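Here the structure is laid out as structure tokens; the discussion comes afterwards.
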Amino acid sequence: MTGAASRRTWVGRLARHAGFRIACVLLGVVGVFAIAPGVVASLSPASSDPLECSLRASDGSYQDRMAPSGDHWFGTDSQGCDEFARVVHGARTSLQIGLGAALLTTVIGTVLGLIAGWRGGWIDAIVRRFADVTLGIPLVVGSILLLSVLVDGRRTPTQIIVTLAAQLWPGPARIARSVTRTIVQLPYVEAARALGASNYRIVTRHVLPNALPAVIAFATPLVGLLIGAESTLSYLGIGLQVPSVSWGVMIDDAQSVYANSPFLLLFPGLFLVAAIAGFILLGDALNDSLDVHLERG
Amino acid sequence: MQRHVRLALAIPLLVVAASCSSDDSSSDSSTPASTASSAASSDSNAPADTSATETSSADSGATSEETTAASAGAPSNDVSSFSVSISEPAAIDPGLSQEVEGAQVIRLLFQTLVSLDPKLAVVPGVATDWAVGDDGLTWTFNLSPDAVFSDGRPVVADDFAFAFARAADPDFAAPASYQGLPIKGWADVSGAEPSGAIGDEPVAGVTAVDDHTLTIETEAPFALLPKVLTYQMFSPVAADYVDTEAKAAAFAEEPIGNGPYKMSGPWEHNVGITVERSDTYAGTAGVTDSIEFRIYSEIATAYRDFQAGELDIARGLPPEEIKDAMETYGDRLLLTPTGALNYIGFPTNVAPFDNPDIRRALSLAVDREAIAERIFSSTLLPASGVVPSNVPGALTTVCDACTYDPERAKALYESAGGIPGNSIVLYDISDDGQAGLEPVINSWRELFGLDVEVRSFEFAQYIEETAAGKPVGPFELGWVWDYPSMYSFLSPLFESTSDVNNFGYANPDFDALLEQARTAPDEGAGLPFLTQAQAIVEKDLPLIPGTFGKDIGVVSEAMSNVMVDPGALWRLELIGVKG
């Protein structure tokens, strides 16, 4: 295998990638929101608590659906909550679900793909059939089904993560499987086997490291897709609910008052697009930089 | 269980917009080819009727002043007609109906013994006059000899006796059957084992003395009986119309009634219902020749059709459109206060809600005015008490703990010892969104530091979760009167014997006052007791009065003399078409 030299190569390639630089900026902003929402939100003069909402200001006047101003940078929503505080806090929920679901999807998919690709035979057949069936169900339809049947009462981020991962695992599974199938036939694996290496050792030392770049290149834009999926589900009323603060919930609230208060849709929408674009660009950049085949070429 | 269903009416009409299925039933916009049999004679009727009723309308004044010759889209033939949106009714058989969508149709097809005028005063219906005996128990109704069904058959006392027996019969399972309970013998019929045959067991207290005399005996003196009898379930039904299963099924689709209009054809489910003026009706004839009910599953779809000029009356508006619609349509947007109360109830036998001070503190933290104005764009009124102020005799002053007073709320909450664990469960009807509850939750969180766990259920399940004895925390619900009387609020909601008293509320003084109101010689004499009873409830506060309802709708420029009564019923028989 190639050593430290090649790692420098892909890091170097990544650093020079234009998409990567844009992604860094976008994800940097969203990331700071998500890591320290309280600190960011307290920069504005309004309350930094996204749940501190009141239809009336302290002087008794109404303060719902106010246009952006010096006090409320992003305006206020229908319940009189500060929109800036909510957008900032919403970043954490979105990233939490996006990253969590992507990680779970990747882990499940990779493990199943490795097993299927390594063992072949009936295990492979079962995993592939399951993957086909799962892919046949549209994400939104499947989510409605799972969330409405399995979840009683208030839906939590964990339930959303599980629901999404349960439907998206075939992606990484297929990649992991095909990489595994290719690698097990390579001479050095046979050599390792001949030298008496255990299955476990071969998989962890030879197969996994080779499958991983492709899986990561797949999983990164997936984070963006999943952030969008969370918003879609919340918008449709089957994702997170009030009082959870998420961009999807905010967009859902805003769409009914769009005609009079378009800014309520604009701000969560803007950051949602930024986050999704950030992960897709990053995924692109990683895909270009980590291309294993190219490197071996 | 059945009784709870009518609570569904209490969810502001806005809710319907949230219901699913996008069955776009806009259908063809052309005027239905109903027979133009008596067009000429009816046209001459129309102006006279219109002007006769004009004075009693608060809402219609402005619309009828408009002189726009909006002839665009008006049918070119001389049959006057208009279209109005409804949701798919639960039933248009009067015995099976208990909601306002079906009532819109049934009230045109049927006339009850006594009726309510647009101001909801009791006026003669089929009965020309009535009186109660000295014992206060036996009521005698003299029926008009001119009353006939739309097929020409005379309406006789037996038709009422049969309709009552049918409504009481457990085989028929009338959803509003409980309304007959004050009548002697009703409970015996409705509580009996189902026999398999409908209407076979007469109600003991109802006697057809002769064709035109009906006596009704009540279990105990019940001054409100005439008002109860205005309910659509008490419409006459001839036994012949429903004596076989096939005929009963046909009757459910195309009822034969005795009202100002008759069915033009069977009910087209999820599409529409068309009615035409009945030539046999002896009372004041309907103004237009025919009325087309278009069935919509979503208010938004109906409103789009209205905007496109394809619908004359859109009942209900999508909440997000209300502000724009107010500016666009001005007087043609009708907002009518109705007899609906939306509230947050307490399980008064569950700690800490058994403490009246806790209940009052939670109520004082609710900014009703802001919720009605800002969240509901003034389509609801802030509630001043437990009975809508347009109900005759209701206290119109704002009750002590029905104001928004954060300071007092805090002080009262603390002196009452607060709520252990600083956390409560709040029940939410998921169908209508949570926008109306959020300000309450936010306010409780801010003032008391309360952590509110919201439990959301769809309406059908919600009713089970919040049935008497079930809820462990405050729950949102609503109530609409069955007939315009304080009694129709106070008795079912708060009497200790009522099985829809979900609060577990019991106050002997209150019960005694209601008994006095029931046994008063007439409705007027009973009113002061009801007013006193209201004051007791508002002091005990087993619920947080939230908002009073308003009916909302828009009408095209061609409509005149549009009137919605406080029962949220559009008086369609009075509406005229200009041009």
P(r) weight above 20 Å for the stretch A:194-288, C-alpha pairs, percent:
54 percent
I'd like the distance separating the alpha-carbon centroids of the stretch B:96-165 and the stretch B:237-304, in whole Å.
18 Å
Please state the charge dipole magnitude for the stretch B:189-265, taken about the Cα centre, from unit charges on C-beta atoms (+1 on K and R, -1 on D and E), reported in debye and rounded to the nearest 20.
400 debye
Among A:249, B:572, B:116, whose Cα projects farthest towards the positive end of the dipole of the protein assembly as shown, with charges put on the beta-carbon of Lys, Arg (+1) and Asp, Glu (-1)?
A:249
Remind me, relative contact order of the stretch B:438-579 in percent, using alpha carbon pairs under 8 angstrom and six or more residues apart?
13 percent
Please give the contour-minus-distance gain from residue B:270 to residue B:307: 0.36 nm per residue of separation, less the Cα-Cα distance, rounded to one decimal in nm.
11.2 nm
Could you tell me the convex hull volume per residue, in Å³, taken over the Cα atoms of chain B?
142 Å³
Rounded to whole Hz, the Karplus (6.51, -1.76, 1.60) HN-Hα couplings of the stretch B:198-208, x for glycine and proline
9, x, 7, 10, x, 7, 4, x, 10, 10, 8
Let me check against my output: what whole-number percent is the relative contact order of chain B, with C-alpha pairs under 8 Å and at least 6 apart?
22 percent
From zero up to wherever the largest Cα-Cα distance of the stretch B:66-192 sits, split into 10 Å bins and tell me the percent of pairs in each.
10, 29, 35, 15, 7, 3, 0
So what is the relative contact order of the stretch A:206-279, in percent, for Cα pairs below 8 Å that sit 6 or more residues apart?
31 percent
Within chain B, which complete DSSP H helices have Cα atoms spanning at least 20 Å along the helix axis and a mean Kyte-Doolittle hydropathy of -0.5 or higher?
B:523-540
Quick one: which residues, 5 or more positions from residue B:451 or on another chain, have an amide H under 5 Å from its amide H? H modelled 1.01 Å from N in the peptide plane, none for Pro or chain starts.
B:423, B:424
Taking max minus min of the Cα coordinates of the stretch B:419-498 on each principal axis, largest first, gives extents in Å of 40, 26, 22
Farthest positive-ward along chain A dipole, Cα basis, beta-carbon charges - from A:185, A:231, A:157
A:185
With just the Cα atoms defining each centre, how far is the stretch B:453-476 from the stretch B:178-207? Give it in Å.
32 Å
Whole-Å distance linking the alpha carbon centroid of the stretch A:246-276 with that of the stretch B:528-579 is 36 Å
Rounded to the nearest 20 debye, what is the charge dipole size of the stretch B:291-362 about its Cα centre when +1 sits on each Lys and Arg Cβ and -1 on each Asp and Glu Cβ?
320 debye
Could you work out the helix-only [θ] at 222 nm for chain B, with each DSSP H run of four or more residues adding -39,500 (n - 2.57) and the total divided by the number of residues, to the nearest 500 deg cm²/dmol?
-7500 deg cm²/dmol
For the protein assembly as shown, the Cα-Cα pair-distance distribution in 10 Å bins from 0, as whole percents, is 2, 11, 18, 19, 17, 13, 9, 6, 3, 1, 0, 0
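Read-outs throughout are calculated quantities, based only on the coordinates presented, and are distinct from any laboratory measurement. From a predicted model like this one, the values you see are computed outputs, not experimental measurements. All Cβ positions, glycine included, derive from the backbone under ideal geometry; neighbour counts span all protein chains shown.
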